[in-house]
Amino acid sequence: MCADCNDLFPLPGSKPDLEEGDRLTPRFGPDGLVTAVTSDARTGELLMVAHMNAEALARTVETGEAWYWSRSRQSLWHKGDTSGQIQTVVEMRVDCDQDAVWLKVTVGGDGGSCHTGRRSCFYRAVPIGKPVSEARLEPRDAERLRPAFG
């Protein structure tokens, strides 16, 4: 469990409190993270899945802009800070046991959310019903809005 998470959020209470209560008491995993699913507020299109630590979740709630924890860089990440693709939160929800959040956002800049230059990070389909050894990813809505960036 996250050692400093409870500095920002109260401990989850009983199961009924967690599932039916009106308090945000996120359940961070052993790595101190919760999963964050992000979709377009207008279309519902899935844009990305990322992770939040307690600080990222608190900043998102307080600023109305999406903040994440970058597992690859091991640092706090304000989405769009360098690219201009600021994600403004229209609505945030938590799942039944408060270990995942769903952000409905509008995206600034060119409207892209993926570092590959695409609107969504989910631009390849996995064929179903074939042996895994024969499965080849199939492009879906894969056009780039701009060149890729690191």
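The values are calculated or read from the model by the stated rules, or taken from the named source; none is laboratory data. The structure displayed is predicted, hence computed values, not measured ones. Here the Cβ positions follow ideal geometry from the backbone for every residue, glycine too, while neighbour counts run over all protein chains shown.
Quick notes on this one:
- Restricting Thr60, Thr82, Thr25 to those that are out of contact with any Cys (no Cβ under 7 Å at 6 or more places or on another chain), at pLDDT 95 or above, among the polar types (S, T, N, Q) and on the phi < 0 side of the Ramachandran plot reduces the list to Thr60.
- Val90 over 11 Å from the mean Cα position of the chain (by Cα), outside any loop (DSSP other than H, G, I, E, B) and closer than 21 Å to Leu145 by Cβ: yes
- Test: residue in segment 36-48 that is surrounded by 16 or more Cβ atoms within 10 Å (Cβ to Cβ), more than 20 Å from Arg118 (Cβ to Cβ) and not acidic (Asp, Glu): no
- In the set Gly44, Gly80, Gly112, only one residue is out of contact with any strand residue (DSSP E or B) (no Cβ under 7 Å at 6 or more places or on another chain) and part of a loop (DSSP other than H, G, I, E, B); that residue is Gly44.
- Residues of segment 96-120 classified as loosely packed, with under 15 Cβ neighbours inside 10 Å and over 20 Å from Thr63 (Cα atoms), total: 4
- Given (1) touching a residue at least 24 places away in the same chain (Cβ under 8 Å); (2) part of a loop (DSSP other than H, G, I, E, B); (3) within 20 Å of Met52 (Cα to Cα), number of the condition Arg73 does not satisfy: (1)
- Odd one out for Leu57 among (1) surrounded by fewer than 20 Cβ atoms within 10 Å (Cβ to Cβ); (2) within 17 Å of Gly29 (Cα to Cα): (1)
- Checking each residue in segment 83-140 for being closer than 30 Å to Arg23 by Cα and among the β-branched types (Val, Ile, Thr) picks out Ile86, Thr88, Val89, Val90, Val94, Val101, Val105, Thr106, Val107.
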